[in-house]
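Trainee: Here it is, the structure, as structure tokens.
The values are calculated or read from the model by the stated rules, or taken from the named source; none is laboratory data. Remember, it's a predicted structure, so these values are computed and weren't measured experimentally. Because the Cβ atoms are built from the backbone with ideal geometry, glycine has one as well, and the counts that use them run over all protein chains shown.
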Amino acid sequence: MKNEKGVIIKVENINKTFKLPHEKNTSIKNIIINPLRKRTFERQQVLKNINIDIKKGEFFGIIGRNGSGKSTLLKLMAGIYSPDSGLIHINGNLTPFIELGVGFNPELTGRENVYLNGALLGFNRKEMKDMYDEIVEFEIVEFAEIKKFMDQKLKNYSSGMQVRLAFSIAIRVNTDILIIDEVLAVGDILFQEKCFQVFKNIKKSKTTVVFVSHDLNSLKEFCDRIAIIDRGKLVDIGDPSKMVMEYEALVAETEDVSHEEYDKHEEITKSRSRPGTGDYNIEKVEVINNDGKKAKHLLENESFTVRVYYRSNKNIPSFVCGISITDIDGVSLIGPNTKDSKFKLPGIKPQSEGYINAFFSTNLLSSGVYFITVGLFDSLVSKPLDYYEKAVKFKIIGGANHGKFNIEPKWSNHKTSR
Amino acid sequence: MKHIYSKENKALLSELVRTDFKLRYQGSVLGYAWSLLRPLFMFLILYLVFAVLFKVGKTIPNYPIYLLLGIVLWTFFQEMTQQSLGAIVGRGDLIRKIMIPRWLIIVSVSIGALINLGLNLVVVMIFVAISGMDLLRTSVWLPLYIIEIYVFAVGVSLILSALFVKYRDISYIWEVLLQAGFYATPILYPMSLISNINIQKIIFLNPLAQAIQGARNVFVTSSSTTIGNVWLNKFAFLIPLFIIFIFIAGGAIYFKKESKYFAENL
């Protein structure tokens with residue numbers, strides 16, 4: 001192993017496949033009766049060629065959709081699963097709690113469960129005694145008044161109390177690396193606030209944390225770096241807010257936005273007749289993102305281009321192109337055209353094609369769904385040649401959605417009274 | 001992997017054993033007393049049936065103790081293997097969520113069985129005291145036979161528990177095998193009941209038969225037949241020991257290989 005300085009978890013070329021039997025053939029009878037029939041498996045590759053270096057003291061986040069393989073990755077790091085190929089080097093003491101309250105038994109008392117769970121998390125007997133005293137005094141527990149329930153069976157606890165108890169044990173683990181999977185999904189707001197407080201302390205203490213969550217805000221707040229995993233592949237690693245944006249883009253791109261209104265609009269668009277003389281036709285309209293690729297989704301503030309493909313059917317000297325961007329309610333937000341911009345579009349000979357680019361270097365649209373309507377007109381803008389209402393839809397993602405535009409004022413505060 | 005004697009593993013082991021014990025007598029009025037009362041009543045019944053009613057072993061001195069010791073040692077083996085068999089599957093919730101050494105679960109079951117054996121031996125001693133039997137000086141060797149059975153049972157348990165993760169039929173098969181083994185081992189009947197010397201020889205290849213007869217020989221009466229008497233070779237005991245070695249080595253290798261995939265196969 002190359003002992004790179006400061007790397008505490010090194011994941012090298014990890015591959016992991018699960019064998020999913022088609023028909024669970026776990027009885028020996030079947031094997032005896034039918035020994036020659038091969039068991040059929042569905043091989044599902046959960047992780048492909050994952051490489052991650054996590055540095056000492058880092059708060060490292062992992063995001064990905066359900067089934068993307070992030071929990072499998074955590075379990076591999078924790079040593080619960082073994083990889084098909086590749087290596088995982090752990091350079092320290094790792095506390096492998098994937099979930100809170102592992103081993104909690106409803107038939108045991110709170111006290112007994114503290115000891116059992118503590119032992120599972122690697123406390124020795126003496127440490128456990130100290131831990132127990134601490135926990136009883138701990139504010140999360142006091143808050144839920146668990147103290148007087150400690151000698152009651154766990155089954156008589158509310159689920160919130162169980163979570164608090166489990167959490168207060170887990171955070172006392174004295175370890176180099178903590179692995180946390182979706183802790184914040186449980187508990188009420190007050191509990192979550194406590195969790196945040198504890199996270200802040202952990203972050204200060206420079207314990208290495210590997211954290212999986214769907215709560216993008218808390219990921220942004222705590223993580224030093226985030227890795228995006230999608231369909232078993234590592235998509236990107238980097239700065240949290242950038243990664244969160246990229247992740248949102250990824251989700252939006254693949255899971256086609258299922259806005260009800262959105263679909264409704266689309267149906268109307270398809271059935272709508274296209275008014276116009278037909279001298280020129282709009283073939284299609286595309287939104288091109290900052291990277292020069294056709295996109296359905298743009299990031300906030302990302303510059304973009306609207307590309308209008310057209311076809312000439314008749315010889316005319318010149319024409320005008322107009323674009324209107326509307327919001328989901330059909331309210332027009334901007335409506336530039338080539339005539340106002342004094343951009344001349346000469347006519348082309350019939351049966352030939354071309355495209356017009358409209359580059360928007362500034363994009364003030366706030367997150368949401370938008371439509372682009374395109375019209376081609378004669379040089380006087382007296383009659384439409386072709387009018388394509390809601391020709392294309394796109395989505396702006398990332399950031400807060402207050403109003404239609406992102407215009408940040410320069411704030412100042414002045415005292416007027418003495 | 002951490003060493004077995006590390007503080008953490010010791011603490012975990014003791015918690016696992018403790019939990020099993022607490023849960024076993026959960027909700028019963030007499031609680032832990034049952035772990036003594038249960039074998040006591042069982043032995044009383046066996047004593048009445050075999051020693052008083054059928055007078056099976058009237059040729060053997062101290063037959064009741066002889067019988068009890070055999071049953072205690074057999075029960076130890078049976079309890080340990082049967083509980084280990086389902087232990088990995090039963091602790092699936094832990095295995096899927098936390099990396100604890102998997103063998104620790106089997107060790108915790110075996111310690112539980114050892115504790116029960118201790119309690120049962122206490123009951124045996126009560127019977128010894130009641131019957132007024134003189135303890136043999138050779139009794140000091142008894143722990144060796146217990147260790148022998150323990151090692152054998154651990155080997156078998158490792159194989160069974162790992163197999164059970166994949167093949168759930170194992171529990172029924174093992175039940176039948178145990179029943180067969182109980183009668184193939186001279187527990188209820190004295191060895192002299194079998195007249196064919198060759199069959200006796202074969203019976204003694206079973207590590208349990210060899211160990212139980214050996215334990216009786218050192219603890220109850222030196223007239224008990226041992227493997228050495230039957231094979232007419234004082235080194236004959238090496239054959240069952242070799243069988244035990246195969247089980248413990250094979251069990252450890254198989255368990256280690258399979259334990260990597262417990263979490264996903266469960």
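Trainee: Looking at (1) touching a Gly at 6+ places or on another chain (Cβ under 8 Å); (2) free of Cβ contacts under 8 Å to residues at least 60 places away in the same chain; (3) more than 14 Å from chain A (Cβ to nearest Cβ), which one does B:Lys58 not meet, given that it meets all the others?
Mentor: Exception for B:Lys58: condition (1).
Trainee: Could you tell me how many of the residues in the stretch A:300-317 are outside any strand (DSSP E or B) and either of a type in the set (A, V, I, L, M) or free of Cβ contacts under 8 Å to residues at least 40 places away in the same chain (or both)?
Mentor: Summing the residues that are outside any strand (DSSP E or B) and either of a type in the set (A, V, I, L, M) or free of Cβ contacts under 8 Å to residues at least 40 places away in the same chain (or both) in the stretch A:300-317 gives 4.
Trainee: I would also like to ask the following. Only one residue in B:Ile227, B:Ile243 is farther than 30 Å from A:Thr17 by Cα, buried (at least 19 other Cβ atoms within 10 Å of the Cβ) and touching a helix residue (DSSP H, G or I) at 6+ places or on another chain (Cβ under 6 Å). Which one?
Mentor: B:Ile227
Trainee: Conditions: (1) within 14 Å of chain A (Cβ to nearest Cβ); (2) in contact with a helix residue (DSSP H, G or I) (Cβ under 8 Å, 6 or more places away or on another chain); (3) under 20 Å from B:Val17 (Cα atoms); (4) surrounded by fewer than 19 Cβ atoms within 10 Å (Cβ to Cβ). B:Tyr167 meets all but one. Number of the miss?
Mentor: The failed condition is (3).
Trainee: Note down all Cβ pairs under 8 Å where the first residue falls in the stretch B:134-153 and is closer than 8 Å to B:Val218 by Cβ, the second is in a loop (DSSP other than H, G, I, E, B) and small (Gly, Ala, Ser), and they're at least six residues apart or on different chains.
Mentor: These pairs meet every condition: B:Leu136/B:Ser222; B:Thr138/B:Ser222.
Trainee: May I pose another question? Within the stretch A:318-346, how many residues are assigned to a loop (DSSP other than H, G, I, E, B) and surrounded by fewer than 17 Cβ atoms within 10 Å (Cβ to Cβ)? It would help to see each step written out before you state the result.
Mentor: Initially, the stretch A:318-346 is screened for residues assigned to a loop (DSSP other than H, G, I, E, B), giving A:328-331, A:335-336, A:338-344.
When the remaining residues are screened for being surrounded by fewer than 17 Cβ atoms within 10 Å (Cβ to Cβ), the result is A:328-331, A:335-336, A:340-344.
Total satisfying the criteria: 11.
Trainee: For the stretch A:95-117: of the residues being more than 8 Å from chain B (Cβ to nearest Cβ) and either charged (D, E, K, R) or closer than 19 Å to B:Leu104 by Cβ (or both), which is nearest to the chain's Cα centre (by Cα)?
Mentor: The qualifying residue nearest to the chain's Cα centre (by Cα) is A:Thr95.
Trainee: State whether the residues of the stretch B:117-129 include one that is assigned to a helix (DSSP H, G or I), within 14 Å of chain A (Cβ to nearest Cβ) and surrounded by 15 or more Cβ atoms within 10 Å (Cβ to Cβ).
Mentor: There is no residue in the stretch B:117-129 that is assigned to a helix (DSSP H, G or I), within 14 Å of chain A (Cβ to nearest Cβ) and surrounded by 15 or more Cβ atoms within 10 Å (Cβ to Cβ).
Trainee: Only residues that are more than 9 Å from every other protein chain (Cβ to nearest Cβ) and on the phi < 0 side of the Ramachandran plot: list them for the stretch A:73-91, please.
Mentor: Answer for the stretch A:73-91, where residues must be more than 9 Å from every other protein chain (Cβ to nearest Cβ) and on the phi < 0 side of the Ramachandran plot: A:Leu73, A:Leu74, A:Leu76, A:Met77, A:Pro83, A:Asp84, A:Ser85, A:Leu87, A:Ile88, A:His89, A:Ile90, A:Asn91.
Trainee: With the checklist (1) in contact with a Ser or Thr (Cβ under 9 Å, 6 or more places away or on another chain); (2) modelled with pLDDT of 90 or more in hand, flag the one item A:Tyr310 doesn't pass.
Mentor: The failed condition is (1).
One line per residue, one yes/no per condition, for (1) under 19 Å from the mean Cα position of the chain (by Cα); (2) within 29 Å of B:Lys256 (Cα to Cα); (3) away from chain A (no Cβ under 14 Å); (4) surrounded by 17 or more Cβ atoms within 10 Å (Cβ to Cβ):
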position: B:Glu148; (1), (2), (3), (4): yes, yes, yes, yes
position: B:Ser161; (1), (2), (3), (4): yes, yes, yes, yes
position: B:Lys201; (1), (2), (3), (4): no, no, yes, no
position: B:Ala215; (1), (2), (3), (4): yes, no, yes, yes
position: B:Val218; (1), (2), (3), (4): yes, no, yes, yes
position: B:Phe237; (1), (2), (3), (4): yes, yes, yes, yes
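Trainee: Hey, could you check the stretch B:90-107 for residues that are within 11 Å of chain A (Cβ to nearest Cβ), in contact (Cβ under 8 Å) with a residue 24 or more places away in the chain and in a helix (DSSP H, G or I) and say which is farthest from B:Phe255 (Cα to Cα)?
Mentor: Taking the candidates together, the pick is B:Ile95.
Trainee: Here's a check for you: in the stretch B:11-45, which residue that is over 30 Å from A:Leu154 (Cα atoms) and in contact (Cβ under 8 Å) with a residue 60 or more places away in the chain is nearest to the other protein chains (Cβ to nearest Cβ)?
Mentor: Of everything passing the filter in the stretch B:11-45, B:Pro39 is nearest to the other protein chains (Cβ to nearest Cβ).
Trainee: Only one of these is farther than 22 Å from A:His297 by Cα, not in a helix (DSSP H, G or I) and not small (Gly, Ala, Ser): A:Phe199, A:Phe211, A:Phe191. Name it. It would help to see each step written out before you state the result.
Mentor: Working: A:Phe199 fails: not in a helix (DSSP H, G or I); A:Phe191 fails: not in a helix (DSSP H, G or I).
Only one candidate passes the filter, namely A:Phe211.
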